[in-house]
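These notes are about the structure you will find just below.
The values are calculated or read from the model by the stated rules, or taken from the named source; none is laboratory data. None of the values given here were measured: they were computed from a predicted structure. Glycine gets a Cβ as well: all are built from the backbone with ideal geometry, and neighbour counts include every protein chain shown. Note: accessible area is taken over every heavy atom of the protein model, side chains too, but ligands, DNA and RNA are not part of it. Shrake-Rupley method; radii C 1.70, N 1.55, O 1.52, S 1.80 Å.
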Amino acid sequence: MIHSETFAEIATLKERNLIALKEAREAGRHAVGTYCLFSPTELILAAGAIPVSLCGTSQKPIPAAEKVLPRNLCPLIKSSYGFAVTDTCPYFHFADFLLAETTCDGKKKMYELLGELKPIHVMQLPQIQDEAALDYWLMEIGRLKTRLEREFGVRITDKALTEAIRLMNEERRSLQALQDVCKAIPSPISGLDLLTVLHNRGFSVDRRAAIELVDRFAAELRQMAAAGISPFTESTPRILLTGVPVGVGSEKLIRIIEESGASVVCLESCGAYKKVEQVREGGDPLRAIAERYLKVPCSCMSPNTGRLELVERLTREFRVDGVVDLTWLGCHTYAVESSVLKKHLQQRTGLPFLQIETDYSESDTGQLKVRVEAFLEIVHRSMKRTA
């Protein structure tokens, strides 16, 4: 683990923000719980409410969820529902409203069950990214605006939306600057520590304070990189991890990769680099929000050329030596798309590619370690050929 007072502060951010959320709720502020990158945070902020990420990255509540949900369902869905039904996610507890979206069949049916526990608004997400889909998605954004205004007794103005867009764009800039530090060879931070920062920052109540904290940490990392301080060497294989969302509690593959002698320098998932694209400033703020969110290159989109282009670009920018594609068991869209991504990258980059399908449990750790070690042998041979 990296030795930094700022990192230590970020590592406890989730717990400290819980206190702030409790105090805000007691003062009469509303909180909206979200699960996905497709949830437009700007509208929540413009309504004067607090957007909070909800728990869904731990194995612990899954047995409780499996009393209702099928065992062969995606662990992210089971974990999210398990936390809710056992009331063990404090952020879910303090949320007085849930915002969800129809990214996959498993999620949208699980949201029906969550609707028995909390008021919920489910956005009907188009599964294609064209002009007709944008018009429909803009209508869904407008429907959400109306629901938030009715729920909280407020009027969401263009001015409030514009201010929220600027704040969220500043957050996106900050997140990109943090992750771009890992372009240094060697990276000054491990993938596990980077994940800790990205995960805990997502539970921020005071977004401006979180931006300042992440900026301060990124500045420290740049100084470390300039001084050659790193847990890795210049010859350590550099890995890009793509695929399903990963958080603290579901980080076992990152841990195995780095324990096997590689450095995870880029996380492409929706909790990391997928988050950094800005919302256009100027013009109709609702349309600008709709445009940005519909462009998220999630595997629920068909076709999903945006992900192919993003991963290829990141392999070059981060100068990676191999790509690992993570799929949760039961996530059919990412599982099917893996072969498409592999073919694209082999044709365009020639990089070694490994697809891993697993869940949150530790039962397959030994098997995964063998596969990762074998993959890294291929990466080492590839690095020697291109040296």
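Residue check: Ile211 meets all listed conditions (1) among the β-branched types (Val, Ile, Thr); (2) buried (at least 22 other Cβ atoms within 10 Å of the Cβ); (3) within 17 Å of the chain's Cα centre (by Cα); (4) closer than 23 Å to Val279 by Cα but one, namely (2). Restricted to the range 1-53, and to residues there that are charged (D, E, K, R) and in contact (Cβ under 8 Å) with a residue 60 or more places away in the chain, the residue that is most open to solvent (accessible area, probe 1.4 Å) is Lys22. Screening Ser235 with (1) of a type outside the set (Phe, Trp, Tyr); (2) closer than 28 Å to Lys22 by Cβ; (3) open to solvent by 10 Å² or more (accessible area, probe 1.4 Å) gives one miss only, at (2). Where helices (runs of 4 or more DSSP H) fall wholly inside the range 32-120, the ranges with 1 or more residues that are closer than 29 Å to Glu171 by Cα and in contact with a helix residue (DSSP H, G or I) (Cβ under 7 Å, 6 or more places away or on another chain) are 41-46, 75-86, 90-94, 105-114.
Summed over the range 365-387, the residues that are at pLDDT 95 or above and open to solvent by 100 Å² or more (accessible area, probe 1.4 Å) give a count of 3. In the set (1) open to solvent by 20 Å² or more (accessible area, probe 1.4 Å); (2) among the hydrophobic types (A, V, I, L, M, F, W, C); (3) out of contact with any Pro (no Cβ under 8 Å at 6 or more places or on another chain), Leu114 fails one condition alone, (1). Residues of the range 299-335 that are of a type in the set (Phe, Trp, Tyr) and open to solvent by less than 10 Å² (accessible area, probe 1.4 Å): Phe318, Trp328. Scanning the range 156-175 for residues that are more than 24 Å from the chain's Cα centre (by Cα), at pLDDT 95 or above and surrounded by 20 or more Cβ atoms within 10 Å (Cβ to Cβ) turns up at least one hit. Count of the range 270-298 residues, restricted to those that are open to solvent by less than 10 Å² (accessible area, probe 1.4 Å) and outside any helix (DSSP H, G or I), is 3. May I ask you to list the residues in the range 357-387 that are among the hydrophobic types (A, V, I, L, M, F, W, C) and closer than 27 Å to Cys55 by Cα? Across the range 357-387, the qualifying residue is only Leu368. Assessment of the range 245-267 against the conditions (modelled with pLDDT of 95 or more, closer than 17 Å to Ser338 by Cα and not in a loop (DSSP other than H, G, I, E, B)) yields at least one matching residue.
Of the helices (runs of 4 or more DSSP H) lying entirely inside the range 127-240, those containing at least 1 residues that are in contact with a His (Cβ under 6 Å, 6 or more places away or on another chain) and within 21 Å of Thr41 (Cα to Cα) are 131-152. Just one of the listed residues (Ala11, Ala20, Ala46, Ala27) is touching a Ser or Thr at 6+ places or on another chain (Cβ under 7 Å) and more than 22 Å from Val85 (Cα to Cα), and it is Ala11.
For the range 336-354, the set of residues classified as over 16 Å from Met383 (Cβ atoms) and surrounded by fewer than 19 Cβ atoms within 10 Å (Cβ to Cβ) consists of Val336, Ser339, Val340, Lys342, Lys343, His344, Gln346, Gln347, Arg348, listed by residue number. Residue-level check: of (1) more than 18 Å from Arg208 (Cβ to Cβ); (2) without any contact (Cβ under 8 Å) to a residue 12 or more places away in the chain; (3) not hydrophobic (A, V, I, L, M, F, W, C), Gly56 misses just (2).
When Glu357 is tested against the conditions (1) in a strand (DSSP E or B); (2) free of Cβ contacts under 8 Å to residues at least 24 places away in the same chain, the lone failure is (2). What do you reckon, is Glu258 touching a residue at least 60 places away in the same chain (Cβ under 8 Å) and surrounded by fewer than 19 Cβ atoms within 10 Å (Cβ to Cβ)? Spelling it out, it is not the case that Glu258 is touching a residue at least 60 places away in the same chain (Cβ under 8 Å) and surrounded by fewer than 19 Cβ atoms within 10 Å (Cβ to Cβ). In a residue-by-residue description of the range 95-102, the property of being of a type in the set (Gly, Ala, Ser), in contact with a Lys or Arg (Cβ under 9 Å, 6 or more places away or on another chain) and more than 26 Å from Met301 (Cα to Cα) applies to at least one position. From the list Ser204, Ser250, Ser263, the lone residue that is within 18 Å of Glu171 (Cβ to Cβ), open to solvent by less than 10 Å² (accessible area, probe 1.4 Å) and not basic (Lys, Arg) is Ser204. Answer with yes or no whether Ser58 is more than 17 Å from Ser204 (Cβ to Cβ), at pLDDT below 95 and either in contact with a Phe, Trp or Tyr (Cβ under 9 Å, 6 or more places away or on another chain) or among the acidic types (Asp, Glu) (or both). Against the criterion (more than 17 Å from Ser204 (Cβ to Cβ), at pLDDT below 95 and either in contact with a Phe, Trp or Tyr (Cβ under 9 Å, 6 or more places away or on another chain) or among the acidic types (Asp, Glu) (or both)), Ser58 does not qualify. For first residues located in the range 130-151 and free of Cβ contacts under 8 Å to residues at least 24 places away in the same chain and open to solvent by less than 40 Å² (accessible area, probe 1.4 Å), partners that are among the polar types (S, T, N, Q) and part of a helix (DSSP H, G or I) and lie 6+ apart or on another chain with Cβ distances below 9 Å do not occur.
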